[in-house]
Structure formats: structure tokens, C-alpha cells
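The values are calculated or read from the model by the stated rules, or taken from the named source; none is laboratory data. What you see is a predicted model; the values in this text were computed from it and never measured. FYI the Cβ positions are ideal-geometry reconstructions off the backbone, even for glycines, and counts take in every protein chain you see. Please note that ligands, DNA and RNA were not included when accessible areas were found on the heavy atoms of the full protein model with its side chains. Shrake-Rupley method; radii C 1.70, N 1.55, O 1.52, S 1.80 Å.
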Amino acid sequence: MTAPLARQIPFNVLAPGVQAIRPELEIAIGRVLDRGWFLMGPELKAFEEQFALYHGPDLQTIGVSSGTDALKIGLLALGIQPGDEVLVVANAGVPPVAALVATGARPIFCDVDPATHALDPSEIDRQVTARTRAILVVHLYGHPAPMPAILERARAHRLKVLEDCAQAHGARYAERRVGTFGDAAAFSFYPTKNLGALGDAGAVLTSDPHVAEQARLLRMYGWRQRYVSEVHSTVSRLDEIQAAVLSAKLAHLHAWNATRRRLAEAYRAQLQGLVGLPPQDGVFHLFVVRTPERDALQAYLAEHGIATDVHYPLPVHLQAPYAQYCDGPGSLPATERLAGEILSLPMYPELSDDDVDYVCRTLRTYGA
């Protein structure tokens with residue numbers, strides 16, 4: 001029988017973070033239970049106001065059921081219609097592309113900058129056509145995309161910009177929070193996010209009153225007046241319990257992000273010269289390193305009780321439902337190369353300094 005490993009470091013754990021603020025969460029949930037109002041009530045209104053104010057003045061938040069719905073509703077609220085083209089990357093997982101296709105629009109895949117993993121702004125000029133209407137910008141792994149360069153090209157081509165902030169709650173570019181650069185932004189509050197609910201939840205953020213109005217119509221049957229639809233839509237509501245939970249957790253987001261940055265600095269200090277390191281900016285939703293020996297290193301770390309993951313192993317443009325929108329393997333060389341080299345190390349606020357030291361010590365022994 002194989003002896004159990006002396007030490008186990010999970011890739012992520014959620015229970016300790018919940019337990020640390022459980023009294024606050026129970027009070028928040030208790031308010032909802034006592035009130036007996038479970039949808040479209042005061043908790044949603046309060047969270048929407050708090051989340052908008054967190055990002056700055058003159059912003060509006062529209063709570064919805066998930067991050068994917070936030071992307072879809074955000075695109076539709078910006079006026080994206082069937083047949084329109086939207087520029088997007090293929091290295092950020094399926095949700096951005098799935099939401100885009102659900103609007104009836106056509107994804108146009110752009111390559112990324114290998115140093116940042118974000119959309120390469122020069123790709124915008126290369127890929128834009130007369131049918132292009134928008135850019136879906138993903139702030140991947142918690143690192144801000146180069147918004148000034150992207151916005152300059154967007155303005156030149158008269159394109160709308162939707163920011164996908166699912167992995168970047170609280171991240172800043174030049175002292176300005178992501179989600180406030182484009183025409184609108186979409187957030188996911190999936191439980192593993194920097195700001196996570198206790199289930200699925202999402203939101204659209206915008207400074208444009210018309211976009212906000214459209215998003216509100218789209219999240220509930222196109223209703224402005226109850227039972228009277230102005231536009232075709234189904235339903236996507238952020239419920240009162242999740243809104244109450246998110247309000248309680250929002251007060252801790254700054255501290256949690258500070259802990260992630262401190263852990264990232266510890267990783268960087270000990271892994272210099274051993275693997276490719278991520279950018280220094282951002283809120284480190286994930287800590288993603290690069291190595292041409294990714295699979296072997298991942299197996300070695302697993303042998304030593306260290307769980308890792310790959311975000312994401314197969315670029316979206318090479319997956320069956322979306323291959324029709326590109327020229328196949330080789331069409332996005334930087335994206336495809338990164339997919340074979342990236343490895344996500346454990347990263348969450350409850351990770352200890354000793355855990356990080358153990359991961360780094362173990363990684364240094366690889367190949368020794």
C-alpha cells in the first residue's frame with residue numbers, strides 16, 4: 001500500500017474563508033429569511049448601489065444570475081445583434097465566447113501578448129472588418145488588460161467595449177478600477193472568484209444610463225411595467241440571499257486582494273529564474289507560471305501533495321462548437337503556445353506563507 005503524502009496543499013479551498021466571516025454571513029442571510037422577500041428586493045438594491053460606488057461615481061450596477069449572463073446581457077445592452085462581429089481572445093475559457101455566440105454574434109478570435117496573456121492591441125487593426133461592432137476584453141487571471149491602447153483602437157474603429165472582469169474584482173490600471181474603462185463591464189461572482197457568492201451570481205456595470213436601462217429590461221422579460229414586455233428576453237435575476245452575501249463580503253475584498261498580492265510577491269521572490277512569472281500588477285485571482293515542461297512539473301508537484309490546475313488547456317477556437325469561427329490550429333500562435341506551457345499554482349487568501357514556501361521548495365527540487 002502506498003503511504004499517504006505527509007502534506008497536502010489543495011488548489012483552492014472555500015470553507016475557511018466562509019467560516020472566517022460566518023457570523024456576518026448568517027446575519028445577512030437572516031435578514032432575507034426574516035423579511036421573506038427573495039427576489040428583486042432591498043438586498044439587491046443595496047448591493048447594486050454599494051458595488052457601483054466601490055468602482056466610482058456615476059456608475060450603475062445591474063445584478064443578474066451569473067457572470068455568463070452578465071456578458072450576454074452586457075453585449076445585448078450595447079446593441080450587439082445577430083450577425084455582428086465581436087473581437088475576443090481564445091485563451092480565457094469558454095464563458096466569454098459562449099455568451100457572445102448566444103447573442104447571435106460571431107466571435108472573431110484575436111491572439112494575445114505572451115507577456116501579459118491579454119488581447120494584443122495590434123490584433124484589433126488586423127482583425128476588424130466592416131461588420132465588427134465591439135471588443136470583448138478579458139482581464140485574465142486578475143491582471144488588467146492594456147486598456148488605453150485598446151480604447152484608442154476601439155475609438156478609431158467606432159467599436160463598443162465590454163470588459164470581462166470575472167477574474168479581476170478590484171484590480172486597477174493606472175489607479176482606475178477595471179470595469180470603468182469600457183462602455184460596460186461584466187462581473188462573475190462564482191464562489192471561487194475574488195468576490196464570490198455562495199452560488200452563481202453576476203452583474204453588469206456601466207456609466208451609460210441607456211445601457212443600464214437596457215440591461216434592466218433584459219434581465220427580466222423586457223419588463224419595465226410588470227407583465228408587459230418591451231423587448232424579447234428571458235430572466236436572469238440576482239437573488240436576495242446572494243446579494244446580501246455579496247454585500248457582506250464586499251467589505252473584505254480589499255484585504256483579501258492585499259493578501260493575494262503579498263502571496264504573489266512571495267512566489268515571485270522564490271521562483272525567479274525557475275519558471276516564467278506572471279505580471280506584477282493586478283489582484284492575482286490565479287498565479288499562473290509558464291514552463292515548457294508543464295505536464296511533467298504538474299505531475300511532480302502532485303506527487304508531493306501540491307494540487308495545481310491549467311487555465312485553460314484547450315483554447316476555445318480549437319474546441320468543436322467554436323472551430324467554425326477560425327482557421328484552425330496555427331491561427332493563434334501565441335495563444336496555442338501558452339496553452340501548452342501555463343500552470344496555475346495554489347492562490348487564495350487562506351493559503352499560508354509556509355504553504356507558499358513548500359510549493360516553491362518543491363518546485364526548486366524538480367529536475368534536481
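Quick one: if the Förster radius is 45 Å, what FRET efficiency do L277 and T129 give, using the C-beta to C-beta distance and rounding to 0.05?
Approximately 0.80, to the nearest 0.05.
Peptides 71-77, 209-215, 172-178: what's the order by average Cβ count within 10 Å, highest mean first?
Peptide ranking by packing, descending: 71-77, 209-215, 172-178.
For the chain, with all protein chains present and a 1.4 Å probe, just round the carbon and sulfur fraction of the accessible area to a whole percent.
53 percent
Sorting check: for 267-279, 220-232, which peptide has the highest mean count of neighbouring beta carbons within 10 Å, and how do the rest follow?
Answer by packing, highest mean first, reads 267-279, 220-232.
List the residues, sorted by chain then number, that are 5 or more residues from C110 or on another chain and whose placed amide H is less than 5 Å from its amide H.
Those lying under 5 Å, H to H, from C110 are V88, V89, A90.
Per residue, how many Å² of accessible area does region 1-132 show with a 1.4 Å probe?
Averaged over the residues of region 1-132, the accessible area is 46 Å².
With the other protein chains left in place, how much accessible area per residue, in square angstrom, belongs to region 174-318 at a 1.4 angstrom probe?
Averaged over the residues of region 174-318, the accessible area is 42 Å².
Under 17 Å between alpha carbons, and skipping anything fewer than 8 positions from K45 in its own chain: which lysines qualify?
Hits, sequence-local ones excluded: K249.
Taking amide H atoms as placed 1.01 Å from N in the peptide plane, list the residues 5 or more away in sequence, or in a different chain, whose amide H sits under 5 Å from that of A184.
V161, E163
Leaving out ligands and nucleic acids, and using a 1.4 Å probe, what accessible area per residue does region 329-368 come to in Å²?
Normalised by residue count, the accessible surface of region 329-368 is 39 Å².
Which of the peptides 111-122, 155-166 is most tightly packed, and how do the rest follow, going by the mean number of other Cβ atoms within 10 Å of each residue?
Peptide ranking by packing, descending: 155-166, 111-122.
Give me the dipole magnitude in Debye, nearest 20, for region 199-289 about the Cα centre, with unit charges on the beta carbon: positive for Lys and Arg, negative for Asp and Glu.
For this selection, approximately 180 debye.
Work out the length of the dipole vector of the chain about its Cα centre, built from +1 on the beta-carbon of each Lys and Arg and -1 on the beta-carbon of each Asp and Glu, and round it to the nearest 20 debye.
400 debye
Treating cross-link reach as a plain straight distance, find the lysines whose alpha-carbon is under 21 Å from the alpha-carbon of K72, omitting any fewer than eight places away in the same chain.
Within reach: K160, K193.
Show the residues, 5+ positions off or on another chain, whose built amide H is closer than 5 Å to the amide H of Y173.
V178
Before anything else, pin down the relative contact order of the chain: Cα pairs under 8 Å, at least 6 apart, normalised by residue count, whole percent.
For the chain, the relative contact order is 22 percent.
Stretch Q270-D353 to full length: gain in nm at 0.36 nm per residue minus the Cα-Cα span?
Once the chain is fully extended between Q270 and D353, it gains 28.7 nm.
Please list 3J(HN,Hα) in residue order for region 298-312, calculated via the Karplus relation 6.51 cos²θ - 1.76 cosθ + 1.60 where θ = phi - 60°; whole Hz, with x for glycine and proline.
4, 5, 5, 5, 4, 4, 9, x, 9, 7, 9, 8, 10, 10, 9
Which ³J(HN,Hα) values, rounded to whole Hz and listed in residue order, are derived for region 233-248 from phi using the Karplus coefficients 6.51, -1.76 and 1.60 in 6.51 cos²θ - 1.76 cosθ + 1.60 with θ = phi - 60°, glycine and proline given as x?
6, 9, 9, 7, 10, 7, 6, 5, 5, 5, 4, 5, 4, 5, 4, 5
Counting pairs of alpha carbon atoms under 8 Å apart in space and at least six apart in sequence, what relative contact order in percent does region 69-207 give?
22 percent
Return the tail of the calculated pair distribution for the chain, meaning the percent of Cα-Cα pairs more than 32 Å apart.
34 percent
Given the DSSP H assignment, sum -39500 (n - 2.57) over each helix run of at least 4 residues in the chain and divide by its residue total; what's the result at 222 nm in deg cm²/dmol, nearest 500?
Using -39500 (n - 2.57) per qualifying helix, the result is -11500 deg cm²/dmol.
Select from P349, H157, A92 the residue farthest towards the positive end of the dipole of the chain; place +1 on Cβ of Lys and Arg, -1 on Cβ of Asp and Glu, and compute about the Cα centre.
Going by the charge dipole, the pick is H157.
Residue by residue, what Karplus-based ³J(HN,Hα) values in Hz, rounded to whole numbers, does region 140-149 have, using 6.51, -1.76 and 1.60 with θ = phi - 60° and x for Gly and Pro?
Values per residue, Gly and Pro as x: 6, 6, x, 9, x, 6, x, 5, x, 5 Hz.
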